[in-house]
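Chemist: Pasting a structure below so you can have a look.
The values are calculated or read from the model by the stated rules, or taken from the named source; none is laboratory data. Just so it is clear, the model here is predicted, and its values are computed rather than measured. Virtual Cβ from ideal backbone geometry, glycine too; neighbours counted across all protein chains shown. Heavy atoms of the whole protein, side chains included, go into the accessibility calculation; ligands, DNA and RNA do not. Shrake-Rupley method; radii C 1.70, N 1.55, O 1.52, S 1.80 Å.
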Amino acid sequence: SDVGYAPIHFAALRDSPWLINELASHGATINATTRLGSTALHAAAWRNATAAIKAILAHPDGEAMKDNHDNGGRTAAFIACSMGHAAAAVALTTITMVSSYSGGPCGGGPCDGGPCGGGPYGGGPFGESPCGGGPCGGPYW
């Protein structure tokens, strides 16, 4: 595509864990990026594709991808939260979420409280951010 999507991105957008696994087993690069720096994990977060998120995270390079930033400086969790995709945000933050946006599980970065909580993207449907207060004060983050 013009943006540089690889087949793994399309599999993520379609929320197809089977296709993600098939592509990876045939040599697809799970952490391929577009010209905009987006990974398949970013694409899955954008679509609230939780099955795809879980499949990507299960691959050897998957967990490390949670801290990848696109060219706009956004992690996949940040994208999920800013779009109000609580299920995707939970799938992305269940194990760990440490990035320059969150400063860790309890905040400290420009979007304090996790991927979005209490920062410039606050005021969403699940509390003080699109994803709430999480383990430090609400249901999600």
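Chemist: Which of the residues spanning region 2-32 are of a type in the set (S, T, Y) and free of Cβ contacts under 8 Å to residues at least 24 places away in the same chain?
Modeler: Scanning region 2-32 gives S25, T29.
Chemist: Considering only residues that are within 19 Å of A89 (Cα to Cα) and in a loop (DSSP other than H, G, I, E, B), look in region 1-30 and name the one that is most open to solvent (accessible area, probe 1.4 Å).
Modeler: R14
Chemist: N71: more than 14 Å from A6 (Cβ to Cβ) and open to solvent by 40 Å² or more (accessible area, probe 1.4 Å), yes or no?
Modeler: In short, yes.
Chemist: Name the residues in region 46-58 that are surrounded by fewer than 16 Cβ atoms within 10 Å (Cβ to Cβ) and assigned to a loop (DSSP other than H, G, I, E, B), would you?
Modeler: Result: no residue meets the conditions.
Chemist: Would you check if there is a residue in region 101-124 being open to solvent by less than 10 Å² (accessible area, probe 1.4 Å), assigned to a loop (DSSP other than H, G, I, E, B), within 14 Å of L41 (Cβ to Cβ) and at pLDDT 50 or above?
Modeler: No, because not a single residue in region 101-124 is open to solvent by less than 10 Å² (accessible area, probe 1.4 Å), assigned to a loop (DSSP other than H, G, I, E, B), within 14 Å of L41 (Cβ to Cβ) and at pLDDT 50 or above.
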